[in-house]
Amino acid sequence: MGAASHKIQRILREADVEVRHSSSTKLQSLLTTHKDKRHSKNLPGVYRIPCECLKVYIGETGRSFATRLKEHQAHGRRDERDKSAIIHHAHTCEHRILWDESRLITQVPNWYQRRVREALEIEVHNTVPQDNGLHLSNIWLTLLDNQAN
């Protein structure tokens with residue numbers, strides 16, 4: 001209400017009455033936000049790139065997934081097979097990479113947690129030959145086997 005609200009607030013403060021200037025909570029404010037959500041391609045995390053042979057490449061990145069995917073594609077254009085396991089696999093086996101089906105499996109901002117999740121995902125997927133990343137203890141592998149059954 002402008003200046004009138006502040007004058008009333010000062011008068012009521014002298015009587016130990018607290019006044020707050022805010023609107024009541026409305027359903028719309030609970031369901032919507034003014035902030036744009038970040039698209040999953042712009043987040044760091046663990047990702048998968050599938051091949052037509054039904055194998056997948058599992059990787060992790062601390063940068064945006066879209067940036068990392070473009071790097072894999074650039075390695076393919078430049079025939080840099082030693083820089084990307086999925087590119088090496090596709091060239092060696094003469095397979096087609098399904099770039100449009102590539103996706104972020106999960107967002108993980110923390111480096112160590114990403115490495116652990118990447119290693120777990122490599123264990124549970126039919127992956128192209130690649131570096132397994134972080135070594136997992138047999139205890140973890142037993143737990144994964146129990147969940148699969």
For residue 95, indicate whether it is under 19 Å from residue 47 (Cβ atoms), at pLDDT 95 or above, open to solvent by 40 Å² or more (accessible area, probe 1.4 Å) and assigned to a loop (DSSP other than H, G, I, E, B). yes
Show the residue pairs meeting these rules: Cβ distance below 8 Å; 6+ apart or different chains; first residue within region 94-106 and touching a residue at least 60 places away in the same chain (Cβ under 8 Å) and of a type in the set (S, T, N, Q); second residue surrounded by 13 or more Cβ atoms within 10 Å (Cβ to Cβ) and outside any strand (DSSP E or B). 106/117
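Taking the conditions exactly as written (surrounded by 14 or more Cβ atoms within 10 Å (Cβ to Cβ) and not charged (D, E, K, R)), does residue 139 satisfy them or not? Don't jump to the end; show me each part of the working.
Numbers: surrounded by 14 or more Cβ atoms within 10 Å (Cβ to Cβ): no; not charged (D, E, K, R): yes.
It is false that residue 139 is surrounded by 14 or more Cβ atoms within 10 Å (Cβ to Cβ) and not charged (D, E, K, R).
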Among (1) polar (S, T, N, Q); (2) modelled with pLDDT under 95; (3) open to solvent by less than 60 Å² (accessible area, probe 1.4 Å), residue 73 falls short only on (2)
Kindly evaluate residue 131 against the criterion of being open to solvent by 50 Å² or more (accessible area, probe 1.4 Å), acidic (Asp, Glu), in contact with a His (Cβ under 9 Å, 6 or more places away or on another chain) and not in a helix (DSSP H, G or I). no
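With the requirement that a residue be more than 13 Å from residue 103 (Cβ to Cβ) and outside any loop (DSSP other than H, G, I, E, B), what does region 48-60 give you?
Once the filter is applied, which keeps residues that are more than 13 Å from residue 103 (Cβ to Cβ) and outside any loop (DSSP other than H, G, I, E, B), region 48-60 yields 51, 60.
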How many of the residues making up region 109-128 are part of a loop (DSSP other than H, G, I, E, B) and either without any contact (Cβ under 8 Å) to a residue 24 or more places away in the chain or more than 22 Å from the chain's Cα centre (by Cα) (or both)? 1
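Answer yes if at least one residue in region 100-108 is open to solvent by 60 Å² or more (accessible area, probe 1.4 Å) and part of a loop (DSSP other than H, G, I, E, B), and no otherwise.
Going residue by residue through region 100-108, those that are open to solvent by 60 Å² or more (accessible area, probe 1.4 Å) are 100-101, 103, 107.
From what's left, part of a loop (DSSP other than H, G, I, E, B): none.
Checking region 100-108: not a single residue is open to solvent by 60 Å² or more (accessible area, probe 1.4 Å) and part of a loop (DSSP other than H, G, I, E, B).
The values are calculated or read from the model by the stated rules, or taken from the named source; none is laboratory data. Since the structure is predicted, the reported quantities are computational estimates derived from the model, not experimental observations. Heads up, the Cβs are rebuilt from the backbone with ideal geometry, glycines too, and the neighbour counts pull from every protein chain shown. Each accessible area value is taken on the protein alone, full model and side chains, heavy atoms only, with ligands, DNA and RNA left out. Shrake-Rupley method; radii C 1.70, N 1.55, O 1.52, S 1.80 Å.
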